[in-house]
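**Student:** Supplied in structure tokens, the structure appears directly below.
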Amino acid sequence: MNAKYDFLIVGAGLYGAVFAHEVKKAGKTCLIIDKRSHIAGNIFTKKMEDIQVHQYGAHIFHTNNKEVWEYVNQFAEFNRYTNSPVANYQGEIYNLPFNMNTFNKMWGVVTPDEAKKKIEQQRRANYVEHPQNLEEQAINLVGIDIYEKLIRGYTEKQWGRPCNELPAFIIRRLPVRFTYDNNYFNAKYQGIPIGGYTAMVERMIEGIEVKLNTDYLVEKSKWDSIADKVVYTGPVDAYFDYKLGVLQYRSLRFETEVLNIPNFQGNAVVNYTDRETPYTRIIEHKHFEFGTQPKTVISREYSAEWKLGDEPYYPVNDKLNSALYQKYKALTETEHNVIFGGRLGEYKYYDMDNVVEFALQKVRDVLGNM
Ligand SMILES: Cc1cc2nc3c(=O)[nH]c(=O)nc-3n(C[C@H](O)[C@H](O)[C@H](O)COP(=O)(O)OP(=O)(O)OC[C@H]3O[C@@H](n4cnc5c(N)ncnc54)[C@H](O)[C@@H]3O)c2cc1C
């Protein structure tokens, strides 16, 4: 423990890994610590029955940023997986995002013109001038049929509250596509790293010292003393011992099961959009990699209330939490040797490509000033 590092990186997730890789490449020394027993943070994948299982929820890499795409491709070859989720509403299957396949199944319309007319008619039938809640807002945008079958139940499970008690601003717009295209992400580049995300992160941090099962905040001053700069990717409020209050999250719970059949649902992602099914979706992991194994692994995903100590998944970007985060952000600016980054350090939902982009920007800035 006598070593003096240029950087201590708290968190072996994607942000920490990109930062560490660049620091090492620039000839600086660094140590990564993580309180979990594994690297890769929330993009951690682990083999079960020879299938890469996404332990913290389904992760599909998608980006329009060529630099980011080329960057991650240094560490993994990506397959051609394209996210085309389907919705199961009481046994009826609909394509997502809402597109011509969805409209054809819902109403029998065939041409974009017919679909547009049908949606317009549905919207007008229940239009509310000033929508006061999410239900009114959604019906204004896409009409009653799509709302009832594909939005209502799923949203209520996600938020744990009826749609007419949720604020309208949660849904500003609902993407509607008048083509028969089921590709969920409108991204130029998309795929899953062959061999899993953990192997990709392993390659990023090759040759860098990592200590797992190590909580920075338990012995903060000891860790601070061994490095010139700290890169902190944990929860920003925890860093300050919650002295201004606790930032809220929504959480998730997964039930993962091995099934002795080769194919359970024929697709990687199936959303359950009725209110009665308690989970929001089922992930069948092998379909991310076109697996042909004799067994299959599925994860039922449940939306869950969050309390301090639970796994934080989605920041709650309402007025209260946003205002509280701004106060913490002001405090981070007084910590001159600490860089706060990543989804928890910045209390923001980031896709993986954002995380890579922002970590690269930050590390270049920091190295440029050294
Ligand atoms: C359910 C779900 C699905 C998603 N799907 C996609 C997707 O399909 N495509 C996409 O692009 N993005 C997706 N994302 C986003 C993606 O997960 C994030 O962009 C990415 O994981 C963020 O990386 P990070 O390094 O910022 O955070 P993390 O991966 O959370 O890493 C932070 C690390 O810091 C560690 N840590 C925290 N506190 C301490 C401490 N005190 N001491 C030591 N270590 C600490 C944690 O253990 C963790 O390992 C999804 C997110 C969720 C929640």
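The values are calculated or read from the model by the stated rules, or taken from the named source; none is laboratory data. Values in this document were obtained by computation on a predicted structure and should not be read as measured data. Positions of Cβ are backbone-derived with ideal geometry, glycine not excepted, and every protein chain shown enters the neighbour counts. These area figures cover heavy atoms from the full protein model, side chains too; ligands, DNA and RNA do not enter into them. Shrake-Rupley method; radii C 1.70, N 1.55, O 1.52, S 1.80 Å.
**Student:** For segment 127-155, which positions are of a type in the set (Asp, Glu) and surrounded by fewer than 20 Cβ atoms within 10 Å (Cβ to Cβ)?
**Tutor:** Matches in segment 127-155: Glu129, Glu136, Asp145, Glu148.
**Student:** Take segment 31-47 and flag every residue that is more than 10 Å from the ligand (Cβ to nearest atom) and in contact with a helix residue (DSSP H, G or I) (Cβ under 8 Å, 6 or more places away or on another chain).
**Tutor:** Thr45, Lys46, listed by residue number.
**Student:** Now a separate question. Starting from residues that are within 12 Å of the ligand (Cβ to nearest atom) and in a helix (DSSP H, G or I), keep the ones in segment 224-242 and report whichever is surrounded by the fewest Cβ atoms within 10 Å (Cβ to Cβ).
**Tutor:** So, considering only residues that are within 12 Å of the ligand (Cβ to nearest atom) and in a helix (DSSP H, G or I), the one surrounded by the fewest Cβ atoms within 10 Å (Cβ to Cβ) is Ala238.
**Student:** Ok, one more. Within the set of pairs 6 or more residues apart or between chains, which connect a residue that is under 8 Å from Asn164 (Cβ atoms) inside segment 127-144 to a residue that is open to solvent by 40 Å² or more (accessible area, probe 1.4 Å) with Cβ atoms less than 7 Å apart?
**Tutor:** Here the result reads Asn133/Asn164; Asn133/Glu165; Asn133/Pro167; Leu134/Pro167; Leu134/Ile170; Glu135/Asn164; Glu136/Val128, each pair linking segment 127-144 to a residue that is open to solvent by 40 Å² or more (accessible area, probe 1.4 Å).
**Student:** Does segment 354-368 contain any residue that is at pLDDT below 95, part of a helix (DSSP H, G or I) and more than 9 Å from the ligand (Cβ to nearest atom)?
**Tutor:** yes
**Student:** I need the full set of residues from segment 308-329 which are of a type outside the set (Phe, Trp, Tyr) and over 20 Å from Phe169 (Cβ atoms), in order please.
**Tutor:** Hits for segment 308-329 are Leu308, Gly309, Asp310, Glu311, Pro312, Lys327, Lys329.
**Student:** Oh, and also: Can you spot a residue in segment 302-312 that is closer than 30 Å to Tyr239 by Cβ, touching a Gly at 6+ places or on another chain (Cβ under 8 Å) and surrounded by fewer than 14 Cβ atoms within 10 Å (Cβ to Cβ)?
**Tutor:** Looking for residues that are closer than 30 Å to Tyr239 by Cβ, touching a Gly at 6+ places or on another chain (Cβ under 8 Å) and surrounded by fewer than 14 Cβ atoms within 10 Å (Cβ to Cβ), one finds at least one in segment 302-312, hence yes.
**Student:** In contact (Cβ under 8 Å) with a residue 40 or more places away in the chain, hydrophobic (A, V, I, L, M, F, W, C) and part of a loop (DSSP other than H, G, I, E, B) - does that describe any residue in segment 251-259?
**Tutor:** no
**Student:** Which members of segment 209-223 meet the condition of being open to solvent by 20 Å² or more (accessible area, probe 1.4 Å) and either in contact with a helix residue (DSSP H, G or I) (Cβ under 9 Å, 6 or more places away or on another chain) or among the aliphatic types (A, V, I, L, M) (or both)?
**Tutor:** Of everything in segment 209-223, those that are open to solvent by 20 Å² or more (accessible area, probe 1.4 Å) and either in contact with a helix residue (DSSP H, G or I) (Cβ under 9 Å, 6 or more places away or on another chain) or among the aliphatic types (A, V, I, L, M) (or both) turn out to be Val210, Leu212, Thr214, Leu217, Val218, Lys220.
**Student:** Which condition from (1) of a type in the set (A, V, I, L, M); (2) in a loop (DSSP other than H, G, I, E, B); (3) within 30 Å of Val10 (Cβ to Cβ); (4) without any contact (Cβ under 8 Å) to a residue 60 or more places away in the chain is the one that Val218 breaks?
**Tutor:** (2)
**Student:** Quick check: anything in segment 195-204 part of a strand (DSSP E or B) and crowded, with 18+ Cβ neighbours inside 10 Å?
**Tutor:** Scanning segment 195-204 turns up no residue that is part of a strand (DSSP E or B) and crowded, with 18+ Cβ neighbours inside 10 Å.
**Student:** Contact list please: Cβ distance under 7 Å, first residue in segment 291-314 and farther than 19 Å from Lys348 by Cα and in contact (Cβ under 8 Å) with a residue 12 or more places away in the chain, second residue among the acidic types (Asp, Glu) and within 16 Å of the ligand (Cβ to nearest atom), pairs at least six apart or on different chains.
**Tutor:** Once the first residue is farther than 19 Å from Lys348 by Cα and in contact (Cβ under 8 Å) with a residue 12 or more places away in the chain and sits in segment 291-314, its partners that are among the acidic types (Asp, Glu) and within 16 Å of the ligand (Cβ to nearest atom) give Thr296/Glu284; Ile298/Glu284; Ser299/Glu255; Arg300/Glu255.
**Student:** Would you point out which residue out of Phe44, Phe103, Phe19, Phe61 is outside the structural domain of Gly207 (by TED's automatic domain parsing) and not basic (Lys, Arg)?
**Tutor:** Going through Phe44, Phe103, Phe19, Phe61 in turn, the sole match is Phe103.
**Student:** Could you say whether any residue in segment 82-91 is in a loop (DSSP other than H, G, I, E, B) and open to solvent by less than 20 Å² (accessible area, probe 1.4 Å)?
**Tutor:** Yes, segment 82-91 has at least one match.
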